[in-house]
Structures are given as structure tokens and as C-alpha cells.
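**Q** I have a structure I would like to understand better, so I am pasting it below and will then ask my questions one at a time.
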């Protein structure tokens with residue numbers, strides 16, 4: 001299969017790209033790496049009149065540190081995250097997730113921002129962004145705004161991004177105290193979507209849990225933030241009992257569907273087990289001084 | 001639109017529509033048919049080519065995305081009559097049966113060995129995890145890639161006998 005006829009433009013500046021999005025609105029689709037968009041075009045589930053390839057615009061990729069956290073260019077590939085030097089120490093959750101996204105060839109082209117904006121509820125990154133309290137920088141000719149991950153994902157394949165907006169960067173706040181996280185993914189084979197995925201981030205303060213972030217993949221209409229579980233952990237001393245309680249709350253928050261990958265009960269229980277396992281691993285890593 | 005790429009060391013141009021897929025451009029326009037179309041859904045890796053040295057699935061790129069880039073296909077592995085070490089490895093270790101996945105497997109292997117000349121079996125398996133083979137069961141493919149790594153290391157160490165092979169670069173993957 002090949003896509004429906006389309007116009008293709010590859011602007012070399014951000015301004016030019018934003019002009020195109022302003023002019024064409026809903027009839028334009030942004031192509032970053034194309035690893036979600038090109039399959040949709042081929043299946044003709046998407047048939048935009050214009051594809052705006054942002055692959056030739058400078059300054060949209062790379063992982064850097066900034067005061068209070070990390071700055072990730074929206075067009076940074078999964079492979080670049082996988083190989084970013086030192087990331088396992090600064091943010092283990094990001095480093096753990098990258099090698100589990102799709103397969104190695106797709107990771108060479110696919111981008112973090114593209115995956116987040118595609119907003120497939122079975123995509124991995126959105127859960128990670130929810131667990132990390134990520135902030136997305138959205139640009140348009142009207143200006144720039146910042147949207148928190150918690151406000152960004154609105155439904156399956158639906159986000160707060162307006163048709164004339166482009167995500168340019170992702171900011172990850174990182175505390176100065178001990179913190180760590182991990183991503184656990186059950187998949188039938190490499191390259192398959194998650195049966196269930198769980199992103200966990202723990203931030204400690206004086207031996208107590210200052211903040212817990214828990215994002216769930218493929219068990220709802222969007223990636224879900226397990227807020228009841230997060231709130232139950234905040235302020236507590238970390239313990240197996242506290243983790244088991246939070247894991248039960250996260251499983252209750254999940255809204256999985258019966259499908260070829262498993263039943264509702266099975267997936268819900270995987271959420272419980274993975275949240276518990278993820279919290280234990282995050283705690284051990286945080287105490288070892290690994291982010 | 002006109003697309004120009006450097007493919008297997010040669011600059012080549014051809015006409016393409018905005019919607020033309022890279023694999024179709026390579027096969028139909030540039031007439032290099034060693035790159036295969038398998039599943040056509042980003043799953044199998046039969047269409048693997050190297051773009052700027054990295055393996056990608058050419059059924060899941062628009063041809064226009066490759067404008068100005070450097071491509072390598074299976075036709076670019078051998079130098080004249082001399083097989084690439086990876087090709088020799090697949091030959092020696094019987095790393096193929098029907099051969100349909102082989103161009104993609106060999107390109108992924110060549111890219112892996114560029115980055116990591118002495119991979120473990122685990123690293124080889126991670127590197128080929130985006131490429132499907134329905135015949136071999138993968139055992140001989142892994143052996144073939146290890147054969148290529150060992151023969152390349154042996155050839156490199158010939159001038160100074162006994163010199164240890166350079167340590168492998170840290171692997172990507174998990």
C-alpha cells in the first residue's frame with residue numbers, strides 16, 4: 001500500500017514550518033520520524049493534503065541538562081535517548097524506556113515528541129511523561145505555551161495540540177534529592193505494542209516519599225496517571241505494605257479491554273504486579289544514588 | 001519532485017511523488033531490487049537499508065525523507081568480487097534458507113559491527129530483533145554475524161600478531 005496523493009514540504013526553519021501549519025490547519029500533518037504517521041498514511045487512516053516534514057529544521061533534537069531538570073528536543077529519536085551519555089544516572093526512567101520502544105530500526109527514525117503527539121494510548125512515552133510531570137513546549141505563530149503532561153492527553157490520538165502548533169521541546173523537572181524510576185513493559189514480542197506498560201518515578205526526601213509518579217500504558221483511552229496511588233504514597237515512609245496498597249489502587253484505576261493480548265482481569269493484575277515491582281526497583285535505585 | 005541520494009557510493013537522482021515510499025523509489029526508480037518488500041507494515045525488516053549508516057525500514061519512510069542522504073543497500077556490501085565479511089559469514093554458517101530476509105539481516109549486521117566490532121550473542125540478538133526470518137530459527141544468523149566479527153578481528157590483527165582486538169564499544173540496547 002502507498003499513501004493517498006499528498007503535497008510534501010520540508011521547511012528548513014521553524015518559522016517556515018509554523019507558517020505552513022497556520023495556512024493549512026487541519027489539512028496538514030507534521031512528520032518527524034514518520035514511524036507512526038507513514039503507516040497511518042499507507043493504511044489511509046490519515047489522508048492529509050499536506051505533510052510537513054520537520055526533519056530538516058535545526059535545533060529540535062538532543063538531550064541536555066538545564067537548571068532543575070532535562071531539556072529534550074521534541075525530534076530526538078528513541079535511539080538518541082537510548083544512547084544519551086549519562087542518562088541512566090540522571091533519569092533512569094527515560095533510559096529504561098527507550099530500548100523498549102518498538103524495535104531498533106524504528107527507534108533510529110521515530111521521535112519522542114512524535115510519539116507523544118501521536119498519543120496512541122498503547123504508546124510508551126506518554127506514561128513516562130505523566131510519571132515525570134513533564135512539561136511540553138508548544139509553538140505556533142501565535143506564540144509559545146507550556147502544557148503539563150497531565151493536561152495534554154485528552155483521548156485516544158487526541159491531545160491539547162492545536163492544528164497550528166508544533167511541539168518543540170519536552171522539559172523534565174528533576175529534584176535535587178534522591179530519586180529514581182523505571183519502566184516495565186509486557187509485550188508479546190519486540191516491536192509489538194505493550195500488553196501493559198508501567199512507568200514509575202519515586203522522589204525521596206529525608207527517607208520519606210516526597211512524590212511518586214505512576215503512568216499506565218495500554219490500559220485506558222489515554223495513558224493514565226494513577227493519581228490515587230500517587231497520593232497514597234506521598235509523605236509515606238517507603239515500605240512493602242505501602243507499595244502493595246498503591247499497586248492495588250493503580251490496578252483499580254486501570255481500564256483495560258479484553259483483546260488478543262489478554263483479558264481485563266489479567267491486564268489489571270499485571271498493572272498491580274508491575275507497579276509494586278517498579279516501586280521496589282525505583283526505591284533501591286534511589287537509595288543507591290542512581291537517578 | 002526530483003530526489004537525489006548517494007546510494008552505494010554513487011549519486012543517483014529520480015522523479016518521485018510526495019507519497020512515494022523509499023522502498024519503491026529504490027526498487028522501481030533506481031532499479032536496485034535487492035531491497036525487498038515483505039510485510040509492508042514496519043514489522044518484518046525485509047526492506048531494511050542503511051541511511052547515514054543507521055538501519056531503517058524503507059517501507060516506512062517517504063522517498064523525500066532521504067533527499068540528500070547517504071544510503072546503502074545490499075548491492076553495496078560486496079566490493080567487486082570480494083564479499084563483505086557479513087556476506088561471507090552468512091555463506092559459511094548457512095545463515096539463510098529462502099533468502100528473503102537476508103539483505104535486511106546483513107545490513108543490520110554490518111551496521112552493528114561498525115558500531116560494536118565484537119558483539120556478544122545477546123547484543124547480536126537485540127540488533128536483529130526488528131528483522132523477522134521465517135526459515136532459520138535465527139541460530140545460524142547469529143552464528144553468521146559472529147563469524148563476520150571474528151573474521152574481521154582476525155584480519156585486523158594479522159599485521160601485529162598477538163595484539164588484542166580493540167575493546168567493543170558500549171552496546172546500545174538494554
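The values are calculated or read from the model by the stated rules, or taken from the named source; none is laboratory data. Since the model is a prediction, treat every value here as computed from it, not as a measurement. For neighbour counting, all protein chains shown are included, and Cβ atoms are generated from backbone atoms with ideal geometry for every residue, glycine included.
**Q** Can you say whether residue A:55 is under 21 Å from residue B:43 (Cβ atoms) and facing chain B (nearest Cβ under 10 Å), as far as the supplied structure shows?
**A** So residue A:55 does not fit the description; no.
**Q** Continuing with this model, one more query. Restricting attention to helices (runs of 4 or more DSSP H) lying wholly within the range A:94-195, give those where 3 or more residues are crowded, with 24+ Cβ neighbours inside 10 Å.
**A** Correct list: A:104-109, A:112-118, A:125-132.
**Q** Take the conditions without any contact (Cβ under 8 Å) to a residue 40 or more places away in the chain and either in a helix (DSSP H, G or I) or surrounded by fewer than 22 Cβ atoms within 10 Å (Cβ to Cβ) (or both) and apply them to residue A:15. Does it pass?
**A** Against the criterion (without any contact (Cβ under 8 Å) to a residue 40 or more places away in the chain and either in a helix (DSSP H, G or I) or surrounded by fewer than 22 Cβ atoms within 10 Å (Cβ to Cβ) (or both)), residue A:15 qualifies.
**Q** Regarding residue B:53, is this residue over 22 Å from residue A:37 (Cβ atoms), within 13 Å of chain A (Cβ to nearest Cβ) and either surrounded by fewer than 23 Cβ atoms within 10 Å (Cβ to Cβ) or touching a helix residue (DSSP H, G or I) at 6+ places or on another chain (Cβ under 7 Å) (or both)?
**A** Criteria met by residue B:53.
Residues checked against (1) within 12 Å of chain A (Cβ to nearest Cβ); (2) free of Cβ contacts under 8 Å to residues at least 60 places away in the same chain; (3) in contact with a helix residue (DSSP H, G or I) (Cβ under 7 Å, 6 or more places away or on another chain); (4) part of a loop (DSSP other than H, G, I, E, B):
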{"site": "B:4", "(1), (2), (3), (4)": "no, no, no, no"}
{"site": "B:26", "(1), (2), (3), (4)": "no, yes, yes, no"}
{"site": "B:94", "(1), (2), (3), (4)": "no, yes, yes, yes"}
{"site": "B:107", "(1), (2), (3), (4)": "yes, yes, yes, no"}
{"site": "B:113", "(1), (2), (3), (4)": "no, yes, yes, no"}
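**Q** Would you please name the residue that is nearest to the chain's Cα centre (by Cα), looking only at residues in the range B:28-48 that are touching a residue at least 24 places away in the same chain (Cβ under 8 Å) and facing chain A (nearest Cβ under 10 Å)?
**A** Only one residue fits best here, namely B:48.
For (1) within 22 Å of residue B:58 (Cβ to Cβ); (2) within 14 Å of chain B (Cβ to nearest Cβ); (3) assigned to a loop (DSSP other than H, G, I, E, B), each residue gets a yes or a no:
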residue: A:4; (1), (2), (3): yes, yes, yes
residue: A:11; (1), (2), (3): no, yes, yes
residue: A:21; (1), (2), (3): no, no, no
residue: A:26; (1), (2), (3): no, no, no
residue: A:35; (1), (2), (3): yes, yes, yes
residue: A:38; (1), (2), (3): yes, yes, no
residue: A:45; (1), (2), (3): yes, yes, yes
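**Q** List, please: which pairs have Cβ atoms under 6 Å, are six or more places apart or on different chains, and start with a residue in the range B:62-90 that is within 14 Å of another protein chain (Cβ to nearest Cβ) and over 22 Å from residue B:15 (Cα atoms) and end with one that is surrounded by 24 or more Cβ atoms within 10 Å (Cβ to Cβ) and modelled with pLDDT of 95 or more?
**A** Listed pairs, sorted by first residue: none to list.
**Q** Whether any residue in the range B:7-18 is outside any strand (DSSP E or B), more than 13 Å from every other protein chain (Cβ to nearest Cβ) and in contact with a helix residue (DSSP H, G or I) (Cβ under 7 Å, 6 or more places away or on another chain) is what I want to check.
**A** For the range B:7-18, residues outside any strand (DSSP E or B), more than 13 Å from every other protein chain (Cβ to nearest Cβ) and in contact with a helix residue (DSSP H, G or I) (Cβ under 7 Å, 6 or more places away or on another chain): present.
**Q** Moving on to the next point. Exactly one of (1) over 20 Å from the mean Cα position of the chain (by Cα); (2) assigned to a helix (DSSP H, G or I); (3) buried (at least 19 other Cβ atoms within 10 Å of the Cβ) is unmet by residue A:238. Its number?
**A** Only one criterion is unmet by residue A:238, namely (2).
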